[in-house]
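**Student:** One structure, as structure tokens, below. Some questions next.
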Amino acid sequence: MTESATNNSNSNENVLQSAASNVDSNNNSTQNDQQPPPPTTDVPKEDMKDNSNDEEKKFESKEDDSNQSQAGIPQNLEPKPLGKKNKIVIATFDASVFHYSFKNQRDPLQIGMFPEYGFLRVPHIGVYGDSYEPSQLRGLLELSMTEKLVSMLPSSVNAAIKDIMSKTADKKASIASIFDGYVHIHQCPPYKPTQHFAMDANNLINAMYHCWLYKDVQSLSSNENKMESIYCGLFEACNVYEVRQSVESVTDRGIPFNTMDKRSCWLHGYAFSPCNNDFARDTEAGFCSFYLLAATTDYTRACLSYHVFANNQDMDEIVQWQFKEIRNVKELLSMFQQLQW
């Protein structure tokens, strides 16, 4: 494994570590001031997770925060609080799927599901074909999008977030009021022949924003027809690369790397289109990872998502069995650190 691949592999758990450290800081300040307001979605008391272990059992960093580089994501920060896996998982029948919210520690996640299909209302990735559906998830973590977390992200991602915030109409808006944040651990997406007639490839994947963008859609019908645009981009690419940037229609191109540009997002009937926002993966790599950033055209909503997946079936089976044993965020981080991608 190359040095570059090793560094990127280490960054998988660092994204989670940064979020965990950030949440602990939020918990302390909340205890000193006031408790956060309850979420808008009511959950029966018997379905709520007991968070007492989260608050009482903490794991301190082995290194002082002052020794960490301000330019990158801090290393070796263990999750505080422990972060017990949610007992209730949504949008899946697989009990081994790992859900956790650094934002509010609610069980189940308070994200909501897209009508008819039951997909989570988050950005997805998928392979465009006869059935254009999101890749199945092994884990989803909801992040708390605070200034501290953003400051720990790679400089390219940090700069893009600042650029989005500079374009919001409300200059006093906080990052947390504009941004959603997620970490996705995907199952290995299938290798399928591309639907682009001018290309001969089976390694393309599409970023899918429909479920996140159309947050107000409560039901679908055969007459459904919504065509909107979104600003989006892919950052900190590891084992994926840019494709289809010379297509005449800008909004139909593949997803841009290290910058943001406008792409169309079409919901028609029960289908997601077009076949855009695609990128290619290195078929020889053991894993792929990257950040996706998106913003609505009026900059009232935005989203940061980090994605990682095993890139072949052998590695995917190893990850699958690992997830059956994981009970908390700390064990999730340890798994990623021990995997030989």
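The values are calculated or read from the model by the stated rules, or taken from the named source; none is laboratory data. All values reported here derive from a predicted model rather than from experimental measurement. Here the Cβ is made from the backbone with ideal geometry for all residues, glycine too, and neighbour counts use every protein chain on show. Remember, those area values only see protein heavy atoms, side chains included, never the ligands or the DNA or RNA. Shrake-Rupley method; radii C 1.70, N 1.55, O 1.52, S 1.80 Å.
**Student:** Quick check: residue separation of Lys148 and Met227 times 0.36 nm, minus the Cα distance between them. What number comes out in nm?
**Tutor:** 24.9 nm
**Student:** Let me ask something additional. Using the Cα gyration tensor of segment 267-341, with a ≥ b ≥ c the square roots of its eigenvalues, what is the shape: rounded (a/c below 1.5), prolate (a/b larger than b/c) or oblate (neither)? Write down the numbers at each step before the final one.
**Tutor:** Working: a/c = 2.23, a/b = 1.67, b/c = 1.33.
Since a/c reaches 1.5 and a/b is larger than b/c, the shape of segment 267-341 is classed as prolate.
**Student:** Take each of the peptides 122-129, 226-233, 245-252, average the number of other beta-carbon atoms within 10 Å over its residues, and list them starting from the highest. Mind dumping the intermediate values first?
**Tutor:** Values: 122-129: 22.4, 226-233: 18.4, 245-252: 11.8.
Going by the mean number of other Cβ atoms within 10 Å, highest first, we get 122-129, 226-233, 245-252.
**Student:** To continue, here is another question. Under 5 Å between amide H atoms, partner at least 5 residues away or on a different chain: which partners does Gly139 have, H built in plane at 1.01 Å?
**Tutor:** Phe98, Ile185
**Student:** Sticking to Cα atoms, compute the Rg of segment 110-193 to one decimal and its Dmax as the biggest Cα-Cα distance, whole number, in Å.
**Tutor:** Over segment 110-193's Cα set, Rg and Dmax evaluate to 15.8, 47 Å.
**Student:** So, counting K/R as plus one and D/E as minus one, what does the shell of residues with Cβ under 14 Å around Ser174 add up to?
**Tutor:** After counting each charged neighbour, the total is +3.
**Student:** Per 10 Å bin, what percent of the C-alpha pairs of segment 195-258 does each bin hold, from zero upward?
**Tutor:** 15, 42, 31, 12
**Student:** Ordered by residue, what ³J(HN,Hα) values in Hz, to whole numbers, does segment 304-317 give under the Karplus form 6.51 cos²θ - 1.76 cosθ + 1.60, where θ = phi - 60° and Gly and Pro are x?
**Tutor:** 10, 9, 10, 10, 8, 7, 5, 9, 8, 5, 4, 5, 5, 5
**Student:** Excluding Gln218 itself, calculate the net charge of residues whose Cβ lies under 14 Å from the Cβ of Gln218, where each Lys or Arg counts +1 and each Asp or Glu counts -1.
**Tutor:** On the way: positive: Arg121, Lys215, Lys226; negative: Glu116, Asp216, Glu224.
Charge balance in the 14 Å sphere: 0.
**Student:** By the gyration tensor of its Cα atoms, with a ≥ b ≥ c the square roots of the eigenvalues, what is the shape of segment 154-305: rounded for a/c under 1.5, prolate for a/b over b/c, or oblate?
**Tutor:** Because a/c hits 1.5 or more and a/b fails to exceed b/c, segment 154-305 counts as oblate.
**Student:** Using a probe radius of 1.4 Å on heavy atoms only, what accessible surface per residue do you get for segment 177-267? Whole Å² is fine.
**Tutor:** Dividing the accessible area of segment 177-267 by its residue count gives 46 Å².
**Student:** Full extension from Ser219 to Phe93: what is 0.36 nm times the residue separation minus their Cα-Cα distance, to one decimal in nm?
**Tutor:** Stretched fully, the Ser219-Phe93 segment lengthens by 43.2 nm.
**Student:** Quick check on my link table: of Lys148/Lys262; Lys103/Lys330; Lys167/Lys262; Lys162/Lys226; Lys84/Lys330; Lys87/Lys324, which ones sit more than 19 Å apart, alpha carbon to alpha carbon?
**Tutor:** Values: Lys148/Lys262 28 Å; Lys103/Lys330 17 Å; Lys167/Lys262 15 Å; Lys162/Lys226 29 Å; Lys84/Lys330 9 Å; Lys87/Lys324 13 Å.
Where the Cα-Cα span goes over 19 Å, the pairs concerned are Lys148/Lys262; Lys162/Lys226.
**Student:** Using the alpha-carbon centroid of each, what span in Å lies between segment 87-139 and segment 242-312?
**Tutor:** Between the Cα centre of segment 87-139 and that of segment 242-312, the gap is 18 Å.
**Student:** Which whole-Hz couplings ³J(HN,Hα) result when phi for each residue of segment 203-215 is put into the Karplus expression 6.51 cos²θ - 1.76 cosθ + 1.60, θ = phi - 60°, listed in order with x for Gly and Pro?
**Tutor:** Taking θ as phi minus 60°, the curve returns 10, 8, 9, 10, 7, 10, 10, 4, 5, 7, 5, 8, 5 Hz for segment 203-215.
**Student:** Taking R0 as 22 Å, what FRET efficiency do you get between Glu284 and Ser156 from their Cβ-Cβ distance, rounded to the nearest 0.05?
**Tutor:** The formula returns an efficiency of 0.35 here.
**Student:** Let me ask something additional. What are the ³J(HN,Hα) values, in whole Hz, obtained from phi via the Karplus relation 6.51 cos²θ - 1.76 cosθ + 1.60 with θ = phi - 60°, for each residue of segment 166-178 in sequence order, with x given for Gly and Pro?
**Tutor:** 5, 9, 6, 5, 8, 5, 9, 5, 8, 4, 5, 7, 9
**Student:** For segment 223-328, build the convex hull from the C-alpha positions and give me its volume per residue in Å³. Kindly include the intermediate steps, with their values, before the conclusion.
**Tutor:** On the way: hull volume 16.1 nm³, N = 106.
Taking only Cα atoms, segment 223-328 has a hull volume of 152 Å³ per residue.
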